[in-house]
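In what follows, a single structure is set out as structure tokens and then discussed.
The values are calculated or read from the model by the stated rules, or taken from the named source; none is laboratory data. Since the structure is predicted, the reported quantities are computational estimates derived from the model, not experimental observations. No Cβ is skipped: glycine too gets one built from the backbone with ideal geometry, and neighbour counts run over all protein chains shown. Areas reflect the complete protein model, heavy atoms only, side chains present, ligands, DNA and RNA absent. Shrake-Rupley method; radii C 1.70, N 1.55, O 1.52, S 1.80 Å.
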Amino acid sequence: SAEEQAFQDRIDRGEKIEPKEWMPEGYRKTLIRQIGQHAHSEIVGQLPEGNWITRAPTLERKAILLAKVQDEAGHGLYLYSACETLGVTRDELMELLHAGKMKYSSIFNYPTLTWADMGAVGWLVDGAAIMNQVPLQRTSYGPYSRAMIRICKEESFHQRQGYAIMMKMASGTPAQKKMAQDALNRLWYPSLMMFGPSDKDSVHSAQSMSWKIKMNTNDELRQKFVDQTVPQAEYLGLTVPDPALKWNEEKGGHDFSEPDWSEFYDVLAGNGPCNKDRLGARVKAWDDGAWFRDGLVAHARKAAARRTPAAAE
Amino acid sequence: SAEEQAFQDRIDRGEKIEPKEWMPEGYRKTLIRQIGQHAHSEIVGQLPEGNWITRAPTLERKAILLAKVQDEAGHGLYLYSACETLGVTRDELMELLHAGKMKYSSIFNYPTLTWADMGAVGWLVDGAAIMNQVPLQRTSYGPYSRAMIRICKEESFHQRQGYAIMMKMASGTPAQKKMAQDALNRLWYPSLMMFGPSDKDSVHSAQSMSWKIKMNTNDELRQKFVDQTVPQAEYLGLTVPDPALKWNEEKGGHDFSEPDWSEFYDVLAGNGPCNKDRLGARVKAWDDGAWFRDGLVAHARKAAARRTPAAAE
Amino acid sequence: QEALFEALLRIGDSTLILAHRVSEWCGHSPVLEEDIGLANVALDLIGQTQMWLGLAAEVEGKGRSDNDLAYLRDAWDFRNLLIVERPNGDFGQTLMRQFLFDAYHLELLSALMQSADPRVAEIAAKAVKEVAYHLERSSDLVIRLGDGSEESHRRMQDALNDLWPYTGEMFLSDDKDVTLAAEGVMPDPSSLRAKWDAVVREVLDEATLSIPESDFAHKGGKQGVHTEHLGYILAEMQFLQRAYPGASW
Amino acid sequence: QEALFEALLRIGDSTLILAHRVSEWCGHSPVLEEDIGLANVALDLIGQTQMWLGLAAEVEGKGRSDNDLAYLRDAWDFRNLLIVERPNGDFGQTLMRQFLFDAYHLELLSALMQSADPRVAEIAAKAVKEVAYHLERSSDLVIRLGDGSEESHRRMQDALNDLWPYTGEMFLSDDKDVTLAAEGVMPDPSSLRAKWDAVVREVLDEATLSIPESDFAHKGGKQGVHTEHLGYILAEMQFLQRAYPGASW
């Protein structure tokens, strides 16, 4: 339609779309799915790292980790707000998450098993997230773009902190070094999966790219991530768990093994190491907290009634 | 009455009273209170020691502690059975406990704070319990007397195990020795309280003694306990936390300080360190387990109905 | 030798961690008879742990004891099945976990009694009677609660659904399993499946419970990749040995 | 000197253990805003712990660090108030514990700002703003939930009843308190009671909650005699430092 053409022209010119402006239903829906999923990932993402807060090995590390997990909750807040500008409430989004009708990033279905995972999550998982998110700062939807700008700033800080933990571990005692290598072994392929399936198997991509909701292909970003991460691993003295990994002079990037995509689809389907525990923890938190939320609503009603006694009659 | 006189004569002759035989209502009630309280003490008594099973320092110690706590549950079982012969059910007794209408031994309202407490509880608490129980093997009520005979055998085994832990601790590292002394410091006076208030303040005593439900006065037993325990503490190289403690040649026993009876009455009134936690844990176990007990009853009904189909019609 | 060491850890760590979980119920179970019954199971499992880890330490030959293995390894060196580290949940979850494990445990021990290694066969022969009783007890309760009240049925079915994905790991073989099976020291885990299936299906049928259809299997425990729960178990279990190194208890 | 060391532990251990309890909620609270709010409180308390235990280590003069004090002492060497080691319970219990402690904490820090020891006064001055905000936040929520729905009122009243017996310890003085009060380094704990009472009563009144009548007070934390909960907290918190002694993180 003409409306759609005008909309696409605006995007092509690099204009930002703002909440009250006209947009195609598909654009709105795709954005809700994408931003909502990102928001859910932030809050579910509190759990694997939250798992080590009470066991952080020093007071400084505990404080840094607490601050990081707090930032993630904050990112969830920005993103839910961005999503709400599209006409869906946070509670609706939560319900969809709890009913299993919306996803969160599958990476959070892997367990955090040693302290080195706090380093590897920051280094690899936040690293991959940033790789995905930096281009989204230029996404076409205004509130989303602005949320991404704030988030990227904090995420790169988190990534540096994660790398600093890896440095400590990799240059520590033999046990610490072993922990660091073990964390890399377990998290390498799941991190590669964070960019989604190979372009040839990826649905929705073309439309999302023309709408500037998606800025790069999955394979482009994955390649970039590998090329950035491999020298960092070398600097740490750790070995990337991929015997096929090799610099390819011709393409100016690394050749590397694909992750096991059957595992990816399994985890997506609910059969990951922690799917049930993660979603179960969120549902329990929500259900156990119902009285708290209801209590606050009840108080607000009473307070309002006291302010305008007429309303109470 | 003549009946009462005949009953008292039997007791005086050393005869045992058996369940179906006539007995004064007061005798029955006093026995229910005393045996029920003793049964409750066994099951609440699982908690302070159960607190260290998952943290026992070696596999052998863990096994010994598990076996001990299991024995306590077993003692509870004998005693509830003995009590049931007096016309009250175990469930009724449980409800009285949970409603705070029946007591358990106040000693279990003290926390177990270090591994040495596993030694001190065996040595002092079981030691005091045995001192109370040995004479009760000769009590006038048959089922109670027989239960006490079984229990005393196991308890003295527990006491030796407790003392063995104390030996290890007292001859161990400085930290272990300190733990042992600390446990003695905390548990000495509560153990003395286990014999009940001083004879001059003790109610029900005379009647219970003539019925041979109570065989010795509180003060007699307390003196005996002190005289037995002091040399054991000396052998361990530990100091009884009582500066007034002294051998009195004339009376052939130790002089010692009375425990703080106001603390005793406070704890009895519910204001001990763990009263709420202990009773709360038992009530929670009972409430959480309701579906389990109901399920078993439902199954038994179904099974009975299947056996005699007529009953189901 | 190294394969045998690992295989012994797989058994001994499983009995140790299950004993830990079971013993958490001490004093908190729904009836006094269960307090006694569970303590008895935990006690048997600890005794078996002492034998398996004792033999593992001997096979390793580095001067470590059963206690050293139990108290001074971190999670990644543990080789227990994931199912035994699952949280206790309600009593139904605990019972179902016990039943599913007991049925496997009994088949395993029965096979181990034929081990070419007499030390292994001897331990298995000692443990098998205890475990036959564990299975008798847990089967009986699973049947009564599955075919009990509506609520008890629902809870047992939920427990089965939650735990089923943790049973597949019992029957997965890796290189070490293959090596030891070839030597006749240990059975190939996959060879235990048919009998386990038969026992489990019979009991669950009688309990009126439905076996979940998914055959997804959590795995990793046997290779030292555990759930997030194990770290907490060990922090608690090992505290005294860690905080007071070298002390004798 | 020894009295000062002890007094600093009493403050620093209380902030440390409370931070631990609060941080257990991370990712599990009833709304996202509370996840953020609680993490913030925990973060402030950890920062304060570093200062208090850092100064304690300096005063002790035995070459220990704040981390050594936090990670390498067993329960009996901890000096925190018992209230901070109470289990989190439902969110109402957590909030009520926070409120009762915040009100005390603010009075304590206000007094410490006048300390004759400038190092103490300096830390107090840094912490007092954070804690004023904690109290503002917890008071507000206690009022809204106490005067909220029937259920939220009931839960807050239950929380108050359960926790009230743990408030008395805040105001008990022992020899060490008396010594330091005489030197003007620390306030006499009993001197903080009146203001605390006033603040707490005002908030609880507005929250329509009734203060329990019993004045029974649990005590012992300040002397190292704790509840059974502290041992479990430390086993978890200290695991890495205990299991990998001497490593740098």
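Summary of values
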{"quantity": "Single condition C:Trp76 does not satisfy, out of (1) open to solvent by 10 Å² or more (accessible area, probe 1.4 Å); (2) in contact (Cβ under 8 Å) with a residue 12 or more places away in the chain; (3) not in a helix (DSSP H, G or I)", "calculated": "(3)"}
{"quantity": "Residue within the stretch A:80-97 that is of a type in the set (Val, Ile, Thr), more than 13 Å from chain D (Cβ to nearest Cβ) and either assigned to a helix (DSSP H, G or I) or under 18 Å from the mean Cα position of the chain (by Cα) (or both) present", "calculated": "no"}
{"quantity": "Residue within the stretch A:62-69 that is in contact (Cβ under 8 Å) with a residue 12 or more places away in the chain, within 22 Å of A:Leu136 (Cβ to Cβ) and surrounded by fewer than 21 Cβ atoms within 10 Å (Cβ to Cβ) present", "calculated": "no"}
{"quantity": "Residues being surrounded by 13 or more Cβ atoms within 10 Å (Cβ to Cβ), over 30 Å from C:Ile36 (Cβ atoms) and among the hydroxyl-bearing types (Ser, Thr, Tyr) - total across the stretch B:1-46", "calculated": "1"}
{"quantity": "From the options D:Ala42, D:Ala56, residue that is more than 11 Å from every other protein chain (Cβ to nearest Cβ) and of a type in the set (A, V, I, L, M)", "calculated": "D:Ala56"}
{"quantity": "Among residues of the stretch D:230-246, those that are in contact with a helix residue (DSSP H, G or I) (Cβ under 6 Å, 6 or more places away or on another chain) and either surrounded by fewer than 19 Cβ atoms within 10 Å (Cβ to Cβ) or facing chain C (nearest Cβ under 7 Å) (or both), counted", "calculated": "5"}
{"quantity": "Selection within the stretch C:142-171 - closer than 27 Å to B:Ala305 by Cα, open to solvent by 10 Å² or more (accessible area, probe 1.4 Å) and of a type in the set (A, V, I, L, M, F, W, C)", "calculated": "C:Ile143"}
{"quantity": "Number of the condition not met by C:Ala103 [criteria: (1) open to solvent by 20 Å² or more (accessible area, probe 1.4 Å); (2) part of a helix (DSSP H, G or I); (3) out of contact with any Lys or Arg (no Cβ under 6 Å at 6 or more places or on another chain)]", "calculated": "(1)"}
{"quantity": "Long-range neighbours under 6 Å by Cβ, at least six apart or interchain, first residue more than 18 Å from C:Asp102 (Cα to Cα) and within 7 Å of another protein chain (Cβ to nearest Cβ) within the stretch C:13-30, second among the β-branched types (Val, Ile, Thr) and outside any loop (DSSP other than H, G, I, E, B)", "calculated": "C:Cys26/B:Ile53; C:Cys26/B:Val69"}
{"quantity": "Failed condition for D:Leu160, given (1) within 29 Å of D:Gly12 (Cβ to Cβ); (2) more than 18 Å from the chain's Cα centre (by Cα); (3) hydrophobic (A, V, I, L, M, F, W, C); (4) more than 13 Å from every other protein chain (Cβ to nearest Cβ)", "calculated": "(2)"}
{"quantity": "Checking D:Asp174 against (1) within 14 Å of chain A (Cβ to nearest Cβ); (2) open to solvent by 20 Å² or more (accessible area, probe 1.4 Å); (3) touching a residue at least 40 places away in the same chain (Cβ under 8 Å); (4) of a type in the set (Asp, Glu), the condition it does not meet", "calculated": "(1)"}
{"quantity": "Filtered residues of the stretch A:272-313 (kept if closer than 30 Å to C:Thr167 by Cβ, open to solvent by 50 Å² or more (accessible area, probe 1.4 Å) and more than 13 Å from chain D (Cβ to nearest Cβ))", "calculated": "A:Pro273, A:Lys276"}
{"quantity": "Qualifying residue in the stretch A:47-56 (condition: away from chain D (no Cβ under 13 Å) and either open to solvent by 10 Å² or more (accessible area, probe 1.4 Å) or of a type in the set (A, V, I, L, M) (or both))", "calculated": "no"}
{"quantity": "Residue within the stretch A:176-196 that is without any contact (Cβ under 8 Å) to a residue 12 or more places away in the chain, polar (S, T, N, Q) and open to solvent by less than 60 Å² (accessible area, probe 1.4 Å) present", "calculated": "no"}
{"quantity": "Count - residues of the stretch C:233-249 that are modelled with pLDDT of 95 or more and not in a helix (DSSP H, G or I)", "calculated": "6"}
{"quantity": "Condition check for D:Gln93: of a type in the set (S, T, N, Q), in contact (Cβ under 8 Å) with a residue 40 or more places away in the chain and crowded, with 23+ Cβ neighbours inside 10 Å", "calculated": "no"}
{"quantity": "Residue within the stretch C:38-56 that is within 24 Å of C:Leu145 (Cα to Cα), of a type in the set (A, V, I, L, M, F, W, C) and assigned to a loop (DSSP other than H, G, I, E, B) present", "calculated": "no"}
{"quantity": "Index of the failed condition, C:Arg154 passing every other in (1) touching a residue at least 24 places away in the same chain (Cβ under 8 Å); (2) over 27 Å from C:Met113 (Cβ atoms)", "calculated": "(1)"}
{"quantity": "Residue ID - most open to solvent (accessible area, probe 1.4 Å), chosen from residues in the stretch A:206-229 that are of a type in the set (S, T, N, Q) and out of contact with any Asp or Glu (no Cβ under 7 Å at 6 or more places or on another chain)", "calculated": "A:Gln207"}
{"quantity": "Some residue of the stretch A:116-132 being within 30 Å of A:Glu234 (Cα to Cα), more than 13 Å from chain D (Cβ to nearest Cβ) and without any contact (Cβ under 8 Å) to a residue 40 or more places away in the chain", "calculated": "yes"}
{"quantity": "Residues being touching a Lys or Arg at 6+ places or on another chain (Cβ under 8 Å) and in a helix (DSSP H, G or I) - total across the stretch B:202-217", "calculated": "2"}
